[in-house]
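The values are calculated or read from the model by the stated rules, or taken from the named source; none is laboratory data. Given the structure is predicted, the values throughout are model-derived calculations rather than measurements. Every residue, glycine among them, receives a Cβ derived from its backbone with ideal geometry; neighbour counts consider all protein chains shown. Heavy atoms of the whole protein, side chains included, go into the accessibility calculation; ligands, DNA and RNA do not. Shrake-Rupley method; radii C 1.70, N 1.55, O 1.52, S 1.80 Å.
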Amino acid sequence: MKNSFTFKSIMLLFLIGMLASSTNTISAQQSMKYGMLTFNKAVNISGKQRMLSQKMAKSYLYLVENPSDTKAKRDLLTSKIIFEKQNGIINQNSGYKVTKDRIVKVNTIWVEFKKLIESTPNYDNAKKIIDLNTDLLKATNDVVSAVIIESKGANKSDDNLLEDDGLGESDLELKQMINMSGRQRMLSQRLALYYFANQTTLKTKNSEQMLNNVFNEIDGAITMLLISNFNNEKIDEKLGVAMTKWENVKNNKEKLMNQGFKPSEMYKISNDLTKAFNAVTGLYEKVKI
């Protein structure tokens, strides 16, 4: 009788231990999720918001002098819709106060920005967009940074999330690579934005320098992407496509800086570059470590 009781006690303790281990495993798996999304997906989506902020501004500036271009009109409308939808997705899936607070800041700037891009394209509002677009860009970039911080310790309290010991180094490096690659999409749109802002009718004392800065940022980041430890055959292939498109711009820098491209040509170049870097970013998102 005593032996039977001892055996039952051991089995009960074993089952409790198994249940606790299973619960911890489920909890750990859940902590690696950004709500219904993976953190890699969340970094990718929040990064797209930066790109969309620049794409909307670019489209508006282009439409000022090309008001009948249906492609640009459609780009502006769809970008606005996607931006608002994705902003909601990022907010709904976050469990981190800092991320949510930064999204509130995005929404505050968005109210004014949205009014401008919904107006009939004109030079006065185009100049306001040139002034405001960087504020929206910085706010959306702050959200990306918050999502990466959130991924470092999703099972910690908000007060401890800023500590550096919550995520494996390689996992953090991957998210930073997704961020860097995704940033190239934004810069591709920003390149055309400041190409149009550098036209005589819109040019300011900073336009040319901003265009040159964007050019250098794209070129510098490509080197970092090429030497990434996360690269595989598919990523190398897509990077090759992106590099080929970029080389066509790089080899014509003088043309870029002196309004040598037709507006429609520059518009397409930026979209083609964005598409190429988006393919690369999507592959980094899927990397398993």
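Here are some notes:
- With respect to (1) closer than 20 Å to Met266 by Cα; (2) open to solvent by less than 40 Å² (accessible area, probe 1.4 Å), the lone exception for Ser181 is condition (1).
- Selection status of Lys100, open to solvent by 30 Å² or more (accessible area, probe 1.4 Å) and not acidic (Asp, Glu): yes
- Which numbered condition Tyr96 fails, given (1) touching an Asp or Glu at 6+ places or on another chain (Cβ under 6 Å); (2) under 22 Å from Tyr62 (Cβ atoms); (3) touching a residue at least 60 places away in the same chain (Cβ under 8 Å): (2)
- Whenever a residue of the stretch 215-229 is modelled with pLDDT of 95 or more and in a helix (DSSP H, G or I), its partners that are open to solvent by 20 Å² or more (accessible area, probe 1.4 Å) and among the hydrophobic types (A, V, I, L, M, F, W, C), lying with C-beta atoms within less than 7 angstrom and at least six residues away or across chains, give the pairs Ala221/Met180; Ile222/Met243; Met224/Met180; Leu225/Met180.
- Flag if Thr108 is at pLDDT 95 or above, β-branched (Val, Ile, Thr) and farther than 22 Å from Ser181 by Cα: yes
- The numbered conditions (1) under 19 Å from Gln189 (Cα atoms); (2) open to solvent by 80 Å² or more (accessible area, probe 1.4 Å); (3) polar (S, T, N, Q) are all true for Thr274 except (2).
- Cβ-Cβ under 8 Å pairs, at least 6 apart or on other chains, the stretch 258-273 side hydrophobic (A, V, I, L, M, F, W, C), far side open to solvent by 40 Å² or more (accessible area, probe 1.4 Å) and at pLDDT 95 or above: Phe261/Asn252; Phe261/Lys255; Ile269/Lys245; Ile269/Asn248; Leu273/Lys245
- Within the stretch 81-97, restricting attention to residues that are open to solvent by 70 Å² or more (accessible area, probe 1.4 Å) and not basic (Lys, Arg), the residue that is nearest to Thr140 (Cα to Cα) is Glu84.
- Listed conditions (1) open to solvent by 30 Å² or more (accessible area, probe 1.4 Å); (2) modelled with pLDDT of 95 or more; (3) not in a helix (DSSP H, G or I) are all met by Leu202, apart from (1).
- Looking across the stretch 230-271, the residues that are over 23 Å from the mean Cα position of the chain (by Cα), loosely packed, with under 15 Cβ neighbours inside 10 Å and part of a loop (DSSP other than H, G, I, E, B) come down to Asn251, Asn252, Asn258, Gly260, Lys262.
- Odd one out for Ser170, checked against (1) at pLDDT below 95; (2) in a helix (DSSP H, G or I); (3) open to solvent by less than 40 Å² (accessible area, probe 1.4 Å): (3)
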